[in-house]
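Asks: Just dropping this structure here.
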Amino acid sequence: MELRDEGIRPSDRRFKRSLSVLQAKALINQRQVVKIDDIVILENALWETVDQKDTVSLIVRSHAQDVVTRAIEFIQNEAEEVFNFMMKDNYSCWNGNHSETESFGS
């Protein structure tokens, strides 16, 4: 997914300002060179209307992270969902919402 595919077309001026933002981000981190993960900051610079903000954030973040980082985040999110589900299920067991004859896992 790309900004243009979503109908988001930041102006040339906005792109030029974005380069300055990236350079500043690198300098703040005491680097002379911009790294790929620095572009995350552009999620706050490339949208023009509030309804574009989430889409821009998603697209920028997809380009700012390597495949391994995205896979790890996906796995962490999945594990968190499973954990939360199990905690809810465990909570309902302790509150008597399951019968005593019901086996674990059914």
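Asks: Quick one: length gained pulling Ser18 to Gln76 fully straight, 0.36 nm per residue minus the C-alpha distance? Don't skip to the answer; put the middle values down first.
Replies: Working: separation 58, 0.36 × 58 = 20.88 nm, distance 3.07 nm.
Stretched out fully, the Ser18 to Gln76 stretch lengthens by 17.8 nm.
Asks: At 1.4 Å probe size, put Ile8, Ile36 in order of accessible surface, largest to smallest.
Replies: Values: Ile8 10, Ile36 110 Å².
My answer, sorted largest first, is Ile36, Ile8.
Asks: Can you give me the solvent accessible area of Val21 with a 1.4 Å probe, rounded to the nearest 10 Å²?
Replies: Accessible area of Val21: about 50 Å².
Asks: Quick one: order Glu43, Glu81 from most to least accessible surface, probe 1.4 Å.
Replies: Glu81, Glu43
Asks: To continue, here is another question. What percent of all Cα-Cα pairs in the stretch 1-40 falls into each 10 Å bin, going from 0 up to the bin containing the maximum distance?
Replies: 29, 42, 26, 4
Asks: Pop out the Kirkwood hydrodynamic radius of the stretch 1-85 from its pairwise C-alpha distances, inverse of mean 1/r, in Å to one decimal.
Replies: 14.4
Asks: Using a 1.4 angstrom probe, figure out how much accessible area the stretch 2-74 has per residue, in square angstrom, rounded to the nearest whole.
Replies: On a per-residue basis, the stretch 2-74 sits at 73 Å².
Asks: Then there's this: Per-residue accessible area for Thr49 at 1.4 Å probe radius, Å² rounded to 10?
Replies: Using a 1.4 Å probe on the heavy atoms, I get roughly 60 Å².
Asks: Sort Ser57, Ser20 by heavy-atom solvent-accessible area, probe 1.4 angstrom, most to least.
Replies: On the way: Ser57 30, Ser20 70 Å².
Per-residue accessible area, sorted high to low, gives Ser20, Ser57.
The values are calculated or read from the model by the stated rules, or taken from the named source; none is laboratory data. For clarity, every value in this text was computed on a predicted model and none was experimentally measured. Side chains included, ligands, DNA and RNA excluded: accessible areas come from the protein's heavy atoms. Shrake-Rupley method; radii C 1.70, N 1.55, O 1.52, S 1.80 Å.
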